[in-house]
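Here's the structure, in structure tokens; my notes come after.
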Amino acid sequence: MALSGAQVEALAAIKARQSKRGWIAAADLDVARKHVAALQEQGLIEGADVENRRLAGSVRLTPEGHDVLAFREGRRASRHGTSEPPPRTRAVELAPAEFAAVRHFVAIADRLRKPPAEGFAEAVLTARHVPERSRHVLHLTRAQTKSLAYAMHLEGLALSRSGTHRLIHEYGLRYKPLPE
């Protein structure tokens with residue numbers, strides 16, 4: 001079950017207030033005890049060993065607790081996008097099937113002789129989904145748009161050319177193989 005908003009806030013508060021050793025007195029937190037207990041039960045925070053009197057009643061994030069916050073941040077960014085696109089990029093909208101092809105292109109990058117441009121995988125990972133239009137918006141540099149065109153070229157040769165045709169028509173993006 002997903003964490004409640006109050007539980008996420010509690011995790012963030014613990015992370016923000018942890019000392020260098022990672023422990024914070026639970027009593028110093030403005031967090032309900034039930035949220036602390038629920039987070040401990042889920043393994044997202046841990047309590048100090050009862051035998052250590054100096055730290056008794058203290059809590060800290062577990063690696064999973066840190067990861068939940070990092071994962072949530074990244075997922076929220078990809079769902080809602082950022083307010084400002086990166087400089088010197090252009091927005092390109094992809095239909096779900098086109099986006100699936102691009103994700104596959106990134107997934108097999110280590111097996112390709114012509115891998116994606118630097119930063120392309122991150123652009124795909126942080127693409128914003130616009131559910132009203134059923135599109136994924138990527139912000140790409142010039143080199144990354146060439147990788148997109150190449151990915152869609154491969155998709156066109158392997159399965160379907162519809163995405164390739166749409167990118168040519170709407171964005172002027174076309175992969176042009178260089179003669180050897």
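The values are calculated or read from the model by the stated rules, or taken from the named source; none is laboratory data. Predicted, not measured: the structure shown is a model, and the values here were computed from it. Methodologically, a virtual Cβ is constructed for each residue, glycine included, from the backbone with ideal geometry; neighbour enumeration extends over all protein chains shown. In case anyone asks, the SASA skips ligands and DNA or RNA and just uses the protein heavy atoms, side chains included. Shrake-Rupley method; radii C 1.70, N 1.55, O 1.52, S 1.80 Å.
Quick notes
- With at most 11 neighbouring Cβ atoms within 10 Å, loop trypsin sites (Lys or Arg not before Pro) (DSSP) excluded, longest segment of the chain: 22-87
- Helical runs (DSSP H, four residues minimum) scored at -39500 (n - 2.57) apiece and divided by the length of the chain put the mean residue ellipticity at 222 nm at -14500 deg cm²/dmol.
- For the chain, the dipole from Cβ point charges (+1 on Lys and Arg, -1 on Asp and Glu) about the Cα centre works out to 500 debye, to the nearest 20.
- Placing unit charges on each Cβ (+1 for Lys and Arg, -1 for Asp and Glu) gives the chain a dipole about its Cα centre, and among Leu167, Leu11, Gly65 the Cα reaching farthest toward its positive end belongs to Leu167.
- Mean shadow area of the chain over all directions, Cα convex hull, nm²: 14.7 nm²
- Overall form of the stretch 140-180 per C-alpha gyration tensor (a/c, 1.5; a/b vs b/c): oblate
- Farthest towards the positive end of the charge dipole of the chain, among the residues Leu94, Ser134, Met1, is the Cα of Leu94, using unit charges on the Cβ of Lys, Arg, Asp and Glu.
- Where Asp67, Asp30, Asp110 fall by accessible area, highest first, once all protein chains stay in place (1.4 Å): Asp30, Asp110, Asp67
- Other-chain or far-sequence residues with amide H under 5 Å of Ser58's (modelled H): Ala26, Ala48
- Seen through its C-alpha gyration tensor, with square-root eigenvalues sorted a ≥ b ≥ c, the stretch 89-164 comes out oblate because a/c lies at 1.5 or above while a/b is not bigger than b/c.
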